[in-house]
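*Asks:* The structure is given below, and queries will be raised subsequently.
Bear in mind that the values in this text are calculations on the coordinates, not laboratory data. The structure displayed is predicted, hence computed values, not measured ones. Cβ atoms come from the backbone with ideal geometry, glycine included; neighbour counts cover every protein chain shown.
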Amino acid sequence: MIKTSRMILALAVVFLLVTPLLAQNNNPCPGDKEYQFNIIGMKNAKNAEMTNNDGHRIFVLLNGKSQIYMTGDTAPLTDGLQCGNKFDVLDANGTDGRATLLVPCDPLTAENLNPSVCFDVYATPLGTPGGQTTVDVVCDFDQTCVGCNIDAGDCALDTIDITLLGHNGKPLTQNITKYFRASGCIDVDADAVCDEGDINFNNEWIFNIEQLEYYYWDYDNDGNRIVQIRFCNVEGVEGSDCGGGTIVPPPEP
């Protein structure tokens, strides 16, 4: 009887502990939840080899800067953008300076003006209350991408783009999709002007743009132990879908 009472008490305690965590993970997605991973702050740097071990987590410094690179290119040494259809943590250890996440993509081209890959993205600081992280979203495009930039503004280095405040008892989820969408013009004939035959695009999943040279987060952590990043598949979801591209028409006579 005593054992049974203790077991019931233990289960009740587990329920009370787990219920808030379930509440923290309410799905904010307008479409299907596709993938999520946790950014975990570590007091001490990790020395273990963590390449190609997935695990749905990336380790960063609890206090200090780490870089989280994201790419859609499954074969960087091969010419052109080689896209896949899944997420994968290629390098989970950001405490040594750099981690890498592979994301799905579908190249935007004149023959493929409405790529089939599009996501909304949400960030939620979890774990113990307190802490703060500032994220500088850094990216660049090659010279055949005219006026290209993230929809949130500017992805130049040394700009604070996202602030993730540790919660005070109730986690706050932020929609950070605009840092993963881009607009601009693909200069097909490489004449440095967006004109006839080129491809205008707006609000497009940034990793669908072959001209993207790199994209990473300069993650400056001040005590955030866990930040959950959630990717929601919104391809075909009205009001959330990506914008795609259009061919620039000839000038009017």
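*Asks:* Which distance in nm do the two modelled labels at T51 and D79 give, with both placed 7 Å along the Cα-to-Cβ direction?
*Replies:* 2.6
*Asks:* Separate question: Round to a whole angstrom and tell me the spacing of the C-alpha centers of segment 177-253 and segment 62-83.
*Replies:* 16
*Asks:* Keeping to pairs on different chains or 8 or more places apart, tell me how many lysine pairs in the chain have Cα atoms under 29 Å apart.
*Replies:* 13
*Asks:* Here is a follow-up. Given 0.36 nm per residue, what is the gain on full extension from N175 to I247 after removing their alpha carbon distance, in nm? Spell out each step's value before the answer.
*Replies:* Details: separation 72, 0.36 × 72 = 25.92 nm, distance 3.01 nm.
Length gained, N175 through I247: 22.9 nm.
*Asks:* If we restrict to alpha carbons, what Rg and Dmax does segment 164-209 come to, in Å?
*Replies:* Cα-based Rg and Dmax for segment 164-209 come out at 17.5, 55 Å.
*Asks:* For segment 58-66, take each phi angle, set θ = phi - 60°, evaluate the Karplus expression 6.51 cos²θ - 1.76 cosθ + 1.60, and give the result in whole Hz per residue in order, putting x for glycine and proline.
*Replies:* 10, 9, 10, 6, 5, 9, x, 9, 9
*Asks:* List, largest first, the extents of the alpha carbons of the chain along their principal axes, each in whole Å.
*Replies:* Principal extents (largest minus smallest coordinate, Cα): 90, 39, 31 Å.
*Asks:* Of the DSSP beta bridges with both residues in segment 35-131, give the percent that are antiparallel, rounding to the nearest 5.
*Replies:* On the way: 6 of 17 bridges.
Counting DSSP beta bridges with both partners in segment 35-131, the antiparallel share is about 35 percent.
*Asks:* What longest range of the chain stays clear of loop-exposed trypsin sites (Lys or Arg not before Pro) (DSSP non-H/G/I/E/B, at most 12 other C-beta within 10 angstrom)? If you can, show how the numbers build up before the last one.
*Replies:* Working: sites that count: K43, K86.
The longest such stretch corresponds to 87-253.
*Asks:* Could you state the per residue volume, in Å³, of the convex hull enclosing the Cα atoms of segment 87-126?
*Replies:* Numbers: hull volume 4.3 nm³, N = 40.
Convex hull volume per residue, Cα atoms: 108 Å³.
*Asks:* What spacing in nm lies between the two simple spin-label points modelled at T109 and Q132, each 7 Å away from Cα in the Cβ direction?
*Replies:* 4.7
*Asks:* Taking the Cβ of S66 as the centre, find all other residues whose Cβ is under 9 Å away and add up their charges (Lys, Arg: +1; Asp, Glu: -1).
*Replies:* Working: positive: K65, R98; negative: D96, D218, D220.
Here the charged neighbours net out to -1.
*Asks:* Next question, about the same structure. Divide by every residue of the chain the summed helix terms, -39500 (n - 2.57) for each DSSP H run of at least 4, and state the resulting mean residue ellipticity at 222 nm, rounded to the nearest 500 deg cm²/dmol.
*Replies:* Details: 1 runs with 23 residues, N = 253.
Helix contribution divided over all residues of the chain: -3000 deg cm²/dmol.
*Asks:* Let me know the longest stretch in the chain that avoids all GluC sites (Glu not before Pro) found in a DSSP loop with at most 14 other C-beta atoms within 10 Å.
*Replies:* Working: sites that count: E49, E111, E196, E238.
The longest uninterrupted stretch comes out as 112-195.
*Asks:* Label points 7 Å out from Cα along the Cβ direction at D189 and E213: separation in nm?
*Replies:* Using points 7 Å along Cα→Cβ, the separation is 2.5 nm.
*Asks:* Please give the net charge around V121, taking every other residue with its beta carbon less than 15 angstrom from that of V121, where Lys and Arg add +1 and Asp and Glu add -1. Don't skip to the answer; put the middle values down first.
*Replies:* On the way: positive: K33, K178, R181, R230; negative: D32, E34, D120, D151, D161, E204, E235, D241.
With Lys, Arg at +1 and Asp, Glu at -1, the neighbours total -4.
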